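Have a look at the structure below, then the notes.
The values are calculated or read from the model by the stated rules, or taken from the named source; none is laboratory data. In this text, all values refer to a predicted model and were calculated from it rather than measured experimentally. Neighbour counts run over all protein chains shown; Cβ positions are idealised from the backbone, glycine included. The accessibility values were calculated without ligands, DNA or RNA, using every heavy atom of the protein model including side chains. Shrake-Rupley method; radii C 1.70, N 1.55, O 1.52, S 1.80 Å.
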Amino acid sequence: MGIRLEDIHPLKASPVFCGISQKDRFELLKEIDARIVELGEGQLLRRAGDKLDFYPVVIEGSVLSTMPQGGQDRPVAQFGPGESFAEAVPVTLKHTPVNICAQEPTRILCIPAKQLETCTNPHAFLVRENLSAEMSKKIGVLTKTLSVVGEPRLSDRILAYLRTLPVDADGRVEIPMNRQEWASYLRVADKSLIRELRAMQNDGLLEVDGRHIRVL
C-alpha cells in the first residue's frame, strides 16, 4: 500500500523520525518508495530465515518476535507503535533469525533499506542516524536474549544467562530479578526453573544462595 499523510500521523512521536516534520517525513517516505503492510492477528510478516531488506516500524498494533526451538516458538521481544524492530536482523546477513508475527490487527511501515541508504535527501541522513541510535539501545539486549533463549536445554539456558552477568570477588553473580521474572525471561515455568536449579546444584554445577549463584 502506498503512503498517505494520514497514514504516518500515529508516528509523530516515533524516535525513528525525531527532528523531522510530518510534511518532510511524508515527502521522504514517498521519495524512497516506502510501503505500508497490514497484518491480521496471528499473521506472519517474516519467518526465521526470510530476507528482510527493509526497516519495519509499527504504526498501529503490535508484533512479537519468536525463535523456533524444539518445535515451539519461544518469545524474544515485543514491539509496539512507533518502534522499529530491524535491530533483530544481523546487518551482514539481511535475514531475520526470528519469526515476526502480529499479535493483533497491525499496520507496519516498511522503509526500503537500499533506497534509504542511497537517498541524498538530508532527512534520509537523519532517519539513518535515528535508526542507528535506536538499534544501539536495543541490539545488546536482543543479542543477549537470543543467545540465551536459543539454547535448547534449560540447564544450558541458565548457564548462558549467568555468563552475561558480572562476577564479584567471590566468583558469584547476582540475579537482578526475582525468580518469577527470571523464569519468564528464560521462557519457562517458575516451577521448572526451581526444579532445574535444584538439579544443577545437586549435580555440583551450581552453588545457589538466594539471588547469588556461583558456577562450579
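I need the calculated FRET efficiency for the pair V37 and A133, taking r as the beta carbon distance and R₀ as 22 Å, to the nearest 0.05.
0.35
Starting from the Cα of S21, step 7 Å along the direction of its Cβ; do the same at Q180; then give the gap between the two resulting points in nm.
5.0 nm
Hey, what number do you get for the chain at 222 nm if only DSSP H runs of n ≥ 4 count, each worth -39500 (n - 2.57), divided across all residues, to the nearest 500?
Mean residue ellipticity at 222 nm (helix-derived): -10500 deg cm²/dmol.
Net charge around L44, counting only other residues with Cβ within less than 12 Å of its Cβ (Lys, Arg = +1; Asp, Glu = -1)?
Charge balance near L44 sits at -1.
With a/c under 1.5 counting as rounded, go ahead and sort the stretch 175-216 into rounded, prolate or oblate using the C-alpha gyration tensor (a ≥ b ≥ c being the square roots of the eigenvalues; past the cut-off, prolate if a/b is larger than b/c, else oblate).
Cα axes put the stretch 175-216 in the oblate bin.
Select from R157, R107, R195 the residue whose mean-square fluctuation is largest in a Gaussian network model of the chain (Cα-Cα springs shorter than 10 Å).
Evaluated over the chain, the most mobile residue of the options is R195.
Which order do D24, D170 take by accessible area at a 1.4 Å probe, largest first?
The ranking, largest first, comes out as D170, D24.
Just to make sure I understand: if all protein chains stay in place, what is the order of M200, M135 by accessible area at 1.4 Å, largest first?
So the residues, ranked largest to smallest area, are M135, M200.
Relative contact order for the stretch 1-53: what is it in percent, counting Cα pairs under 8 Å that are at least 6 residues apart?
43 percent
Do you know the relative contact order of the chain, to the nearest whole percent, from alpha carbon pairs under 8 angstrom that are 6+ apart?
The normalised contact order for the chain reaches 20 percent.
Could you compute the FRET efficiency for Q115 and R47, with r as their C-beta to C-beta distance and R0 at 35 Å, rounded to 0.05?
0.90
Kindly count the pairs of lysines across the chain whose alpha carbons are less than 29 Å apart, treating pairs on different chains or eight or more residues apart as eligible.
Number of lysine pairs found: 28.
Using Cα atoms only, what is the angle between the long axis of helix 22-31 and the major principal axis of the chain, expressed in degrees (0 to 90) to the nearest 10?
90 degrees
Which percent of the Cα-Cα distances in the chain go past 32 Å?
For the chain, the fraction of Cα-Cα distances above 32 Å is 30 percent.
Tell me the GluC sites (Glu not before Pro) within the stretch 1-58 that lie in a loop according to DSSP and have at most 15 other beta-carbon atoms within 10 Å.
E41
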